[in-house]
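J.: One structure coming up, written as structure tokens, with questions to follow.
Just so it is clear, none of the values below were taken in a lab; they were calculated from the coordinates. Every value quoted in this text rests on a predicted model; they were computed, and no experiment measured them. In this analysis, Cβ positions are derived from the backbone assuming ideal geometry, glycine residues included, and neighbour counts consider all displayed protein chains.
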Amino acid sequence: MPSLFRFLVSAGSMVAVVTVGLYILAHQFEPAQHEVVKVVPGVKIRKPEAAP
């Protein structure tokens, strides 16, 4: 039984370390936001008609 508890504690510790690491990476290193414009072939956009 002690080996089961030792395994659960070590597995829980590893999960906690990975979770904290991912949390830190997600909140400290946010990518710069920029607008992406791509041309979609075969799609034509009509201009809005002028209001009378």
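J.: Candidates [x] 1.21; [y] 1.01; [z] 1.54; which is the computed Rg/Rh (Cα atoms, Kirkwood Rh)?
T.: The listed entry that was calculated here is [z].
J.: Another one. Using the Cα centre of the chain as the reference point, and only Cβ charges (+1 on K/R, -1 on D/E), how large is the resulting charge dipole? Debye, rounded to the nearest 20.
T.: So the dipole magnitude of the chain works out to roughly 240 debye.
J.: Would you mind checking the tilt of helix 2-28 against the longest principal axis of the Cα atoms of the chain, expressed as 0 to 90 degrees and rounded to 10?
T.: On a 0 to 90 degree scale, this one is about 30.
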